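Student: Sharing a structure, written as structure tokens. Questions coming.
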Amino acid sequence: MFLLLCLLLGGISCTAQASPLPVQREMFVDHHGQMSFEQVQQQAFAPAPEFLSRGYTKSALWLRVTVPPSTEPRLVVSVRPSHIDQLHLYRPAAPSAPTDAPWEIRQGGDLLAYQQRERPDLTYSFWLYPAAPQQATVFYVRLQSNTVQALNVQVRTEADAQHFESLQYLLVGAYICLLLVLAWIALMRALISKDGAWLINGLLQLAGIVLTLAFTGSLARYILPAQPYWVDRASMLAACVHLTLASLMYAKINAIFDGNRLIFWLRTAVVLILCWEVWQIFWGDPRLAMKLNTNAVLFYTLIGLADLLLFNINDRPLRWTIRVFYGLQISYLIYLLLPMLGVGQSGALHVLPSTLLVNLFAAVMLHLVLMRRDVLQQREYALLHGQIQETQRRFQWEQQKLQESATFINMLLHELKSPLASIRLSALTLQRKLEDTFGRQRLVRIQQAIDSMDAVLERCRQVDRLEQGHTSEHPETLDLVALLHDYQRQHKNAHRLVLQLPSNLPVQADSLNVKTMFSNLLDNALAYSPPDSLVEVQLLSSKTPPRWHLVVRNLPGRAGYPDAQQIFQKYYRANAAHHATGSGLGLYLVQQIAQRGGGQVQYRQDGMWITFTLEYPRC
């Protein structure tokens, strides 16, 4: 690619050195485009610069060119650029002309088939037969075009014209090869990475190739030599499609670097502009389409200045790459576009194939930007991969520690349950044999303490199994009313429970999980309410959706009202709740079981009451 770029720049330099003959140029504008050649000859011509630009108008531009005396038998007149609608050359008749008319008319432009041209060159070229060796030669050129009004007429010797044409072939070939390389790289990257930015970039380079073929005359010479209408329309369509893809590409860059969203949507709106331009090119006024396209290029160039200021780019090389290329491209576009709108004078870059240098700037910049972005993304991916691996190592370490902790807890629970069972058995034996009332009461308290400790250990075991994922549900048909009655019969404070239950409520659920949730909610209410207060228990059901609800209400005891933000957190106990035995795992266990089964548990303060509501699917 570097070799192609050097070849391209060398071709531009050599083309600039192919100097034409010095001529005198004068111009006249026929604003209505209706005057005949004879009428124009009578008009006053004004001095004209070497490069002319009059913007997109319906007027006809006449150029009178005076060539100094020459000893060459014939010279070559070249008219650029290579995409002009109507071009007529009025030259003195050749000595071998079959008629006595003093002037010959030769037609050129996109409306004339390439195979009908007088000379097979990329640019519009004609033969010119000089007058007597000591006499200057005068000829006229008439230009009228919808696509461009930048005009340059030059006269060369036949040898210099051939040399100039060869250099143009070299220049166009190097340019197209460079774009092909960039397009191939972009499309391959898009295919591999599935990245839309590379895809749009590849399509943009292919559109640039079509635009180059159209604007350099290669399309007319090699593809559509007998279809001047389609050459003309293809040239205009290529310019509009290229603008659309370029704007979408910059919209993509805007999105990549978190640019302004308004600018993003303005750039994507170019698709609507393209639809209108296509309509005008084929069924309306092509001049309006091309004028809008030129104004759109200028508009999107100016909002590109805002992109430079609003892009969020942290990488310094990438930031300066975009600023330098964007700045060069914007400056160059403004230089090219203003004369086409009637502001300022045209130069050599407006008519040479090197007018497409702006596209080369964009192609190289986009390629560098996307490659740098890919490098930064790869660095981010590598960093994220490293972080993921570190997280995995930490997770495995935590899992190992958790497993060790679970093993220790299981061992500890086993070691504690065995002596507790022995103490419970001994207390029961003493309680039967001891006749002292005070001693029997003390044994009862010991038994209650053992039961509380056993309950704490059982909750620890249940939470550990739940968090280790060692639990599994075995749904079966249960009668919730029967389960609550069983709990009431077995509890020592059964007289404090006020049950409001239906006659029966069959559900499909895991028996152990339901019993665990019931016992923890009811134990919690009985333990943290005043000793002689009542605990209300209500069991409800709903059909849509099919769920059952357990509502447990109690008055606050010494512990007061719990913290609603922490009530279901693991190990949470209110500061004033430490008078009672507990682990802070009961409500946490209820919530975990309920959520895993598709239900939920909620707490609210209902007036003076503490209310817990357990909601769970019926099947």
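The values are calculated or read from the model by the stated rules, or taken from the named source; none is laboratory data. Predicted model, so just to flag it, every value in this text is computed and none were measured. All Cβ positions, glycine included, derive from the backbone under ideal geometry; neighbour counts span all protein chains shown. Surface accessibility is based on the protein's heavy atoms, side chains included, excluding ligands, DNA and RNA. Shrake-Rupley method; radii C 1.70, N 1.55, O 1.52, S 1.80 Å.
Student: Going through segment 487-503 one residue at a time, which ones are within 22 Å of Ala594 (Cβ to Cβ) and either exposed (fewer than 11 other Cβ atoms within 10 Å of the Cβ) or at pLDDT 90 or above (or both)?
Tutor: Scanning segment 487-503 gives Leu497, Leu499, Gln500, Leu501, Pro502.
Student: If we scan segment 79-89, do we find a residue that is at pLDDT 80 or above, of a type in the set (Val, Ile, Thr) and loosely packed, with under 14 Cβ neighbours inside 10 Å?
Tutor: From segment 79-89, those at pLDDT 80 or above are 79-80, 86-89; that's our starting set.
Next, from what is left, pick out any that are of a type in the set (Val, Ile, Thr): 79.
Narrowing further to those that are loosely packed, with under 14 Cβ neighbours inside 10 Å: none.
Checked segment 79-89: no residue is at pLDDT 80 or above, of a type in the set (Val, Ile, Thr) and loosely packed, with under 14 Cβ neighbours inside 10 Å.
Student: Being open to solvent by less than 60 Å² (accessible area, probe 1.4 Å), of a type outside the set (S, T, N, Q) and over 30 Å from Ile84 (Cβ atoms) is the filter here, so list the residues in segment 241-254 that pass it. If you could, list the steps in order and put the result at the bottom.
Tutor: Kept after step one, since they are open to solvent by less than 60 Å² (accessible area, probe 1.4 Å), are these residues of segment 241-254: 241-251, 253-254.
Still in the running and of a type outside the set (S, T, N, Q): 241-243, 245-246, 248-251, 253.
Scanning segment 241-254 gives Ala251, Ile253.
Student: Restricting attention to segment 152-171, and to residues there that are hydrophobic (A, V, I, L, M, F, W, C) and surrounded by 22 or more Cβ atoms within 10 Å (Cβ to Cβ), which single residue is nearest to Leu21 (Cα to Cα)? Before you say what the answer is, go through the steps one by one.
Tutor: Here is the first cut: in segment 152-171, the ones hydrophobic (A, V, I, L, M, F, W, C) are 153, 155, 159, 161, 164, 167, 170-171.
Imposing the further condition that a residue be surrounded by 22 or more Cβ atoms within 10 Å (Cβ to Cβ) reduces the set to 153, 155, 161, 164, 171.
On the way: Val153: 11, Val155: 6, Ala161: 11, Phe164: 13, Leu171: 22 Å.
By that ranking, first place goes to Val155.
Student: Mind checking which residues of segment 180-226 are outside any helix (DSSP H, G or I) and either under 18 Å from Leu360 (Cβ atoms) or not hydrophobic (A, V, I, L, M, F, W, C) (or both)?
Tutor: Of everything in segment 180-226, those that are outside any helix (DSSP H, G or I) and either under 18 Å from Leu360 (Cβ atoms) or not hydrophobic (A, V, I, L, M, F, W, C) (or both) turn out to be Lys194, Asp195, Thr216, Gly217, Pro225.
Student: Here is a follow-up. Which condition from (1) touching a residue at least 60 places away in the same chain (Cβ under 8 Å); (2) in contact with a strand residue (DSSP E or B) (Cβ under 8 Å, 6 or more places away or on another chain) is the one that Asp110 breaks?
Tutor: Of (1) touching a residue at least 60 places away in the same chain (Cβ under 8 Å); (2) in contact with a strand residue (DSSP E or B) (Cβ under 8 Å, 6 or more places away or on another chain), only one is false for Asp110: (2).
Student: Now for a different question. Would you confirm, using the coordinates I've provided, whether Asp464 is open to solvent by less than 40 Å² (accessible area, probe 1.4 Å) and either in a strand (DSSP E or B) or modelled with pLDDT under 90 (or both)?
Tutor: On the way: open to solvent by less than 40 Å² (accessible area, probe 1.4 Å): yes; either in a strand (DSSP E or B) or modelled with pLDDT under 90 (or both): yes.
Judged against the criteria, Asp464 is a match.
Student: Follow-up. Would you confirm whether or not segment 107-122 contains a residue that is under 19 Å from Ser235 (Cβ atoms), among the small types (Gly, Ala, Ser), in contact with a helix residue (DSSP H, G or I) (Cβ under 8 Å, 6 or more places away or on another chain) and in a strand (DSSP E or B)?
Tutor: no
Student: Turning to a different aspect of this structure: Restricting attention to segment 283-296, and to residues there that are open to solvent by 30 Å² or more (accessible area, probe 1.4 Å) and assigned to a helix (DSSP H, G or I), which single residue is farthest from Val369 (Cα to Cα)? Talk me through it step by step, then tell me what you get.
Tutor: Filtering segment 283-296 down to residues open to solvent by 30 Å² or more (accessible area, probe 1.4 Å) leaves 283-285, 287-288, 291-292, 295.
Imposing the further condition that a residue be assigned to a helix (DSSP H, G or I) reduces the set to 283, 287-288, 291-292, 295.
Values: Trp283: 39, Arg287: 35, Leu288: 34, Lys291: 31, Leu292: 29, Asn295: 27 Å.
Result: Trp283.
Student: Within segment 255-282, take every residue that is part of a helix (DSSP H, G or I) and charged (D, E, K, R) and give me the one that is surrounded by the fewest Cβ atoms within 10 Å (Cβ to Cβ). Write out each step before concluding.
Tutor: Step one: of segment 255-282, the residues part of a helix (DSSP H, G or I) are 255-256, 261-268, 270-282.
Those still in the list that are charged (D, E, K, R) too: 261, 267, 277.
Working: Arg261: 11, Arg267: 25, Glu277: 26.
Filtering first and then ranking leaves Arg261.
Student: How many residues are open to solvent by less than 50 Å² (accessible area, probe 1.4 Å) and either under 19 Å from Gln591 (Cα atoms) or among the aliphatic types (A, V, I, L, M) (or both) if we restrict to segment 529-552?
Tutor: Summing the residues that are open to solvent by less than 50 Å² (accessible area, probe 1.4 Å) and either under 19 Å from Gln591 (Cα atoms) or among the aliphatic types (A, V, I, L, M) (or both) in segment 529-552 gives 9.
Student: Something else about it: Can you say whether Trp230 is part of a helix (DSSP H, G or I) and modelled with pLDDT of 90 or more, as far as the supplied structure shows? Lay out the reasoning, then the answer.
Tutor: Numbers: part of a helix (DSSP H, G or I): yes; modelled with pLDDT of 90 or more: no.
Here the answer is no, as Trp230 does not meet what is asked.
Student: Looking only at residues in segment 94-122 that are of a type in the set (Gly, Ala, Ser) and closer than 19 Å to Val153 by Cα, which one is modelled with the highest pLDDT?
Tutor: Step one: list which residues in segment 94-122 are of a type in the set (Gly, Ala, Ser), which gives 94, 96-97, 101, 108-109, 113.
Filter once more, so that each one left must be closer than 19 Å to Val153 by Cα: 108-109.
Details: Gly108: 86, Gly109: 80.
Only one residue tops the list, namely Gly108.
Student: Next up: Only residues that are surrounded by fewer than 17 Cβ atoms within 10 Å (Cβ to Cβ) and either closer than 29 Å to Tyr335 by Cα or without any contact (Cβ under 8 Å) to a residue 60 or more places away in the chain (or both): list them for segment 24-40, please.
Tutor: Going residue by residue through segment 24-40, those that are surrounded by fewer than 17 Cβ atoms within 10 Å (Cβ to Cβ) are 24, 26, 29, 31-34, 36-39.
Those that are surrounded by fewer than 17 Cβ atoms within 10 Å (Cβ to Cβ) and either closer than 29 Å to Tyr335 by Cα or without any contact (Cβ under 8 Å) to a residue 60 or more places away in the chain (or both): Gln24, Glu26, Val29, His31, His32, Gly33, Gln34, Ser36, Glu38, Gln39.
Student: So, one more: Conditions first: (1) surrounded by 18 or more Cβ atoms within 10 Å (Cβ to Cβ); (2) without any contact (Cβ under 8 Å) to a residue 12 or more places away in the chain. Asp100 passes all but one, so which condition is the exception?
Tutor: Tallying (1) surrounded by 18 or more Cβ atoms within 10 Å (Cβ to Cβ); (2) without any contact (Cβ under 8 Å) to a residue 12 or more places away in the chain, Asp100 fails exactly one: (1).
Student: Is it the case, given these coordinates, that Gly196 is open to solvent by 10 Å² or more (accessible area, probe 1.4 Å), among the small types (Gly, Ala, Ser) and more than 30 Å from Val76 (Cβ to Cβ)? So that I can check it myself, show each step before the final result.
Tutor: Values: open to solvent by 10 Å² or more (accessible area, probe 1.4 Å): yes; among the small types (Gly, Ala, Ser): yes; more than 30 Å from Val76 (Cβ to Cβ): yes.
Answer is yes for this residue.
Student: Quick one: which residue in Val601, Val537, Val590 is touching a helix residue (DSSP H, G or I) at 6+ places or on another chain (Cβ under 8 Å), part of a helix (DSSP H, G or I) and within 22 Å of Leu478 (Cβ to Cβ)?
Tutor: Numbers: Val601 fails: part of a helix (DSSP H, G or I); Val537 fails: part of a helix (DSSP H, G or I).
The conditions single out Val590.
Student: Can you tell me how many residues within segment 200-218 are of a type in the set (Ser, Thr, Tyr) and either open to solvent by 20 Å² or more (accessible area, probe 1.4 Å) or in contact with a Pro (Cβ under 6 Å, 6 or more places away or on another chain) (or both)? So that I can check it myself, show each step before the final result.
Tutor: Taking segment 200-218 first, the residues of a type in the set (Ser, Thr, Tyr) are 212, 216, 218.
Narrowing further to those that are either open to solvent by 20 Å² or more (accessible area, probe 1.4 Å) or in contact with a Pro (Cβ under 6 Å, 6 or more places away or on another chain) (or both): 216.
Number satisfying all stated conditions: 1.
Student: If you go through segment 574-584 one residue at a time, do you hit one that is part of a loop (DSSP other than H, G, I, E, B), of a type in the set (S, T, N, Q) and more than 51 Å from the chain's Cα centre (by Cα)?
Tutor: Residues of segment 574-584 that are part of a loop (DSSP other than H, G, I, E, B), as a first pass: 574, 578-584.
From the residues that got through so far, the ones that are of a type in the set (S, T, N, Q) too are 581, 583.
Those left that are additionally more than 51 Å from the chain's Cα centre (by Cα): 581, 583.
Yes: segment 574-584 contains one or more residues that are part of a loop (DSSP other than H, G, I, E, B), of a type in the set (S, T, N, Q) and more than 51 Å from the chain's Cα centre (by Cα).
Student: Same structure again: Restricting attention to segment 559-579, which residues are touching a Phe, Trp or Tyr at 6+ places or on another chain (Cβ under 7 Å), surrounded by fewer than 17 Cβ atoms within 10 Å (Cβ to Cβ) and modelled with pLDDT under 75?
Tutor: Within segment 559-579, none qualify.
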